[in-house]
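A short worksheet on the structure shown next.
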Amino acid sequence: MWGGRFAEGPSAVMREINASIPFDKRLWRQDIAGSQAHVAMLGKQGIVSSEDAQAISEGLDAVASDFEADGVPVDYALEDIHMVTENALSEKIGEAAGRLHTARSRNDQVATDFRLWTRDAIDEASAGLKALQTALLARAEEHADSVMPGFTHLQSAQPVTLGHHLMAYYEMFARDRARLADARARLNLCPLGAAALAGTGFPIDREATASALGFDGPTRNSLDSVSDRDFAIEYLTAAVQASLHLSRLAEEFVIWASQPFGFVSLSDQWSTGSSIMPQKRNPDAAELVRGHAGRIMGCMTSLMVSMKGLPLAYSKDMQDDKPPVFEAHDLLGLCIAAMTGMVESASFRTDRMRGLAESGFATATDLADWLVREAGVPFRQAHHITGRAVARAEADGVRLDQLPLEALREVDDRIDQRVYDVLSVDASVASRMSFGGTAPSRVREAIAAARKTLEEEDR
Ligand code: ARG
């Protein structure tokens, strides 16, 4: 299609390195949609005759049905999805097909196709994350009162509820979705009509094509239009952050499913066996979610490094923008679906969680706070006294709330009977009523607010 000035064809390797059709065939729907918008505008502006515009439009519909039925033919000689589609069109309608490429270039064409594809990808990722948030909400509600050890340094720190812990992930995914929405808003301008790099002399209507394709308007600078891939990078950075959160949640499942923890039993659907050790029930899906986060990050790095040295405007390096975005999107979709399935089907072993929360002196802070509140002891001193009480309980092999009052009073005689009200894990959790705290009533409030937010999105 560009061979006019050449006497010889390209070498086989040239053809292969040049061809993007093996991967950009995935853009065929967007390519046809972009061409339909373009040709409708060309017809309306009188740049092509209305007969030709109609023939092209009908031809594109026919090509779309063929692609839908038989897939996109991969022909290295035709390079990419744009030329494969145009070639198929010319096989359908003959010479008129050659008028479609008036007032456009593959540079603005691919920029448009890829924006359309990425916009759908963002919507899909966001919908997937929303389903995961919904699953987290349901499990959090079920476990708003279930006590578990809260950790810092993976050491038992203070008791929290499982509902509160799950809601922490709800918040992370809410931020991820906000980042996706933000990227989508910036993406939603149409580069079509920038042509090769400088715009065109034909009297095109960029507002019309932009609005036909659901964009908010046309991009403002033709050079930037064909060389900008920020929208893809922004999707990847949002995908990376989401995958980091998915990976952290996956890591919790790996730890929780281990025998020493035993906080969760993964359902059969989300575990695998070992070929040699019959007792094994491995959290492979969670491990792969953790692993895939690394690959998604690699995709982001790949595109950023491709772009960082490119002068304006289009360079062929930019053809390599698509594989990492496609790969990251597919991996992210799998990770979201896997974590949603695991969250929905996990059996939480609340007996184990409570047992560990009770055994780790997790209410030590509550004793210190009691000394501050009830005996007027400065916190630093209360911390020290409590440390001695913990040492005493450890030496006697009992929990803090099992230490007899005489033992506690030997540590500090300002302690009295009322202290036992705060030493149980339930009392500890219930007392953490500060906004955003782990008290079950606060967790229920947070769940209700989150539900309302998600419901409002549907309106
Ligand atoms: N397949 C190309 C890509 O994805 C389309 C743009 C080709 N433009 C060009 N000037 N050779 O980037």
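Answer yes if at least one residue in the range 320-334 is within 30 Å of Val110 (Cβ to Cβ), of a type outside the set (Asp, Glu), within 16 Å of the ligand (Cβ to nearest atom) and touching a Cys at 6+ places or on another chain (Cβ under 6 Å), and no otherwise.
yes
Can you tell me which of (1) within 16 Å of the ligand (Cβ to nearest atom); (2) under 21 Å from Arg26 (Cβ atoms); (3) not charged (D, E, K, R) is the one Ala69 doesn't meet?
That leaves (1) as the condition not met.
Quick check: anything in the range 266-284 in the same structural domain as Arg352 (by the TED database), more than 24 Å from Glu171 (Cβ to Cβ), buried (at least 17 other Cβ atoms within 10 Å of the Cβ) and within 16 Å of the ligand (Cβ to nearest atom)?
So far as the range 266-284 goes, no, none of its residues is in the same structural domain as Arg352 (by the TED database), more than 24 Å from Glu171 (Cβ to Cβ), buried (at least 17 other Cβ atoms within 10 Å of the Cβ) and within 16 Å of the ligand (Cβ to nearest atom).
Of the residues that sit in the range 111-127 and are within 9 Å of the ligand (Cβ to nearest atom) and within 15 Å of Asp230 (Cβ to Cβ), which one is nearest to the chain's Cα centre (by Cα)?
If we take residues in the range 111-127 being within 9 Å of the ligand (Cβ to nearest atom) and within 15 Å of Asp230 (Cβ to Cβ), then Phe114 is nearest to the chain's Cα centre (by Cα).
Determine which member of the set Asp426, Asp401, Asp413, Asp421 is part of a loop (DSSP other than H, G, I, E, B) and acidic (Asp, Glu).
Testing whether each residue is part of a loop (DSSP other than H, G, I, E, B) and acidic (Asp, Glu) leaves just Asp413.
Could you tell me whether the range 300-312 includes any residue that is within 16 Å of the ligand (Cβ to nearest atom), touching a residue at least 24 places away in the same chain (Cβ under 8 Å), surrounded by 13 or more Cβ atoms within 10 Å (Cβ to Cβ) and over 22 Å from Gln241 (Cα atoms)?
Yes, the range 300-312 contains at least one residue that is within 16 Å of the ligand (Cβ to nearest atom), touching a residue at least 24 places away in the same chain (Cβ under 8 Å), surrounded by 13 or more Cβ atoms within 10 Å (Cβ to Cβ) and over 22 Å from Gln241 (Cα atoms).
Within the range 1-59, restricting attention to residues that are of a type in the set (Ser, Thr, Tyr) and either surrounded by 15 or more Cβ atoms within 10 Å (Cβ to Cβ) or under 20 Å from Val74 (Cα atoms) (or both), which residue is nearest to the ligand (Cβ to nearest atom)?
Here the answer is Ser20.
Would you please list the contacts, defined by Cβ atoms under 7 Å and residues six or more apart or on different chains, that run from a residue in the range 96-112 that is over 17 Å from Trp28 (Cα atoms) to a residue that is away from the ligand (no atom under 16 Å from the Cβ) and acidic (Asp, Glu)?
Ala96/Asp52; Arg99/Asp52
So which residues in the range 196-216 are within 28 Å of Ala328 (Cβ to Cβ), small (Gly, Ala, Ser) and surrounded by fewer than 22 Cβ atoms within 10 Å (Cβ to Cβ)?
Selection gives Gly214 alone.
The values are calculated or read from the model by the stated rules, or taken from the named source; none is laboratory data. As the structure is a computational prediction, the values presented were derived from the model and not from experiment. No Cβ is skipped: glycine too gets one built from the backbone with ideal geometry, and neighbour counts run over all protein chains shown.
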